[in-house]
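Heads up: the structure comes next, in structure tokens.
Readers should treat all values here as calculations from the given coordinates under stated rules, not as data from a laboratory. Note that the coordinates shown come from a computational prediction; the quantities given were computed from them, not determined experimentally. Ideal geometry is used to build each Cβ from the backbone, glycine not excepted, and the neighbour counts take in all protein chains shown.
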Amino acid sequence: MASISIENIKKAFGGNRVLEDLSLHIPDGAFYTLLGPSGCGKTTLLRCIAGFHEADAGRLLFDEDDMTRVPTHRRDIGMVFQDYALFPDKTVFDNVAYGLRARGVGKAELRQRADRAIESVGLASLAERYPAQMSGGQRQRVALARALVIRPRVLLMDEPLSNLDAKMRTQMRDVILDLVQEAHITTVFVTHDQEEALAMSDRIAIMDRGRIAQIGTPEELYGMPVDAYVADFIGSANTIPVSIESADPLSAGNVRYLLGGRSLDGVRACDRLDGTGILIARPEELSLAPVDPIVPNAVPASVLRRQYLGFKTSYRVKLREGPEIRVDLSAISRAVDFHPGDSVQVLFPAQSRVIRA
């Protein structure tokens, strides 16, 4: 187990800057996720931690040990890849035991540790099978057992669930969390799937073009995004340009903004707001009402599309003098049903956050 300190890491390939003076601290024992779209630098950062890429500048430490120039095989890491990377000519047991043999572990201890690791991922009955005889979920369990059996200081996982179907991804999330929490091992998990990140992580670093856009707990990132990029990437928010009517410039607090010809209340969520801002409105936080009577903090709109999804109904609506947005009404809270062509009011909570444009 170890904490990870990344200090001013830079990395470029050719003339393309992939990591830009990036710093990050990952506490000992944390499940830490690097989240972002393709090309944001998250996998490059993971590979720098692993030693597959050498940083152009900066330092990398495990606890107080400088790993910046230490080769991969001496970093004491476990690695789980997107494509499993199992040896096709070796059985489950031999795949799991490979790292122990490479470290010179004695036969009796090797057998005990490999058997225990295979059992921990629920594959004791399949120990003599080959990867080609197994499902994707089973192969990923083998890869996880192989990474953990060596008792590494750090576990690195590069989009390990992306090749699995939706049901298997959910099951494997629980398997991974159970195992890494039991081992109390520092884990760095790379994904572009925000649901995975929210469900699994102690903390999340959202990356954007080689930099950290925001770091926080899942609750902090969902509830208090610092900008429209983070808000839209975590949880899919409506980001709506608004005109600022009045805002206290000295402290966080209430703000009045104009939208759809009406003056609404919100919460200022940045240091300074000038003439314009961006309203962050989660679809599930909004509600719809008939056009009469007029209700406070609401904007006239028309329904463009209705999608019934069982546990919720998702509406696409066009605000008057504003953009198209999404409104999700849960099956429990939905009192009135609306259909395409209906005129409605969209109700915005007074706690909706307004950030700098």
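See the values below:
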| read-out | value |
| --- | --- |
| Contact order relative to length of the chain, as percent, for alpha carbon pairs under 8 angstrom and 6 or more apart | 15 percent |
| Under 9 Å, Cβ to Cβ, from Gly260 - net charge with Lys/Arg +1 and Asp/Glu -1 | +1 |
| Calculated Rg and Dmax of region 4-228 using C-alpha coordinates, Å | 17.6, 56 |
| In nm, spacing of pseudo-spin labels at Ala289 and Ser314 (7 Å Cα→C-beta vector) | 2.6 nm |
| Whole-percent pair-distance distribution, where bins are 5 Å wide, for the alpha carbons of region 236-356 | 2, 12, 22, 24, 17, 11, 7, 3, 1, 0 |
| Estimated FRET transfer efficiency when R0 is 25 angstrom, pair Val175-Lys107 (beta carbons, to 0.05) | 0.35 |
| In region 276-326, chymotrypsin sites (Phe, Trp or Tyr not before Pro) in a DSSP loop with at most 14 other beta-carbon atoms within 10 Å | Phe311 |
| Spin-label proximity, Glu119 to region 132-152 - amide N less than 16 Å from point 7 Å beyond Cα toward beta carbon | 145, 149 |
| Within region 313-357: Cβ-based charge dipole about Cα centre, in debye rounded to nearest 20 (Lys, Arg +1; Asp, Glu -1) | 220 debye |
| Set of lysines near Lys42 by C-alpha distance (under 26 Å), chain-local residues within fewer than 8 positions excluded | Lys10, Lys11, Lys167 |
| Length released on extending from Val336 to Phe87, taking residue separation times 0.36 nm less the Cα-Cα span | 83.9 nm |
| Contact order relative to length of region 236-356, as percent, for alpha carbon pairs under 8 angstrom and 6 or more apart | 32 percent |
| Total charge dipole magnitude, region 236-356, about the Cα centre, Cβ charges on Lys, Arg, Asp, Glu only, Debye to nearest 20 | 280 debye |
| Computed helical MRE - 222 nm, the chain, DSSP H runs ≥ 4 contributing -39500 (n - 2.57), nearest 500 | -7000 deg cm²/dmol |
| Chain lengthening between Asn163 and Glu20 when straightened (0.36 nm per residue, less Cα-Cα) | 48.5 nm |
| Helix 107-120 axis, angle to the chain major axis (alpha carbon atoms, nearest 10°) | 20 degrees |
| Cβ-placed point charges (K, R +1; D, E -1), dipole of the chain about Cα centre in debye, nearest 20 | 740 debye |
| Selection from Ser314, Ser243, Asn254 lying farthest towards where the dipole of region 195-323 points positive, charges on Cβ | Ser314 |
| At most 10 other Cβ within 10 Å, DSSP loop - GluC sites (Glu not before Pro), region 105-168 | Glu128 |
| Förster radius 22 Å - calculated FRET efficiency between Asn254 and Asp274, Cβ distance, rounded to 0.05 | 0.85 |
| Angle between the chain longest axis and helix 136-149 axis [Cα atoms, degrees, rounded to 10] | 60 degrees |
| Estimated inter-spin distance, Gln133 and Ser343, nm [label 7 Å along Cα→Cβ] | 7.1 nm |
| Alpha-carbon centroids, region 36-98 and region 253-277: separation in whole Å | 46 Å |
| Positive-pole candidate from His339, Leu288, Gly277, dipole of region 236-356, charges at beta carbon | His339 |
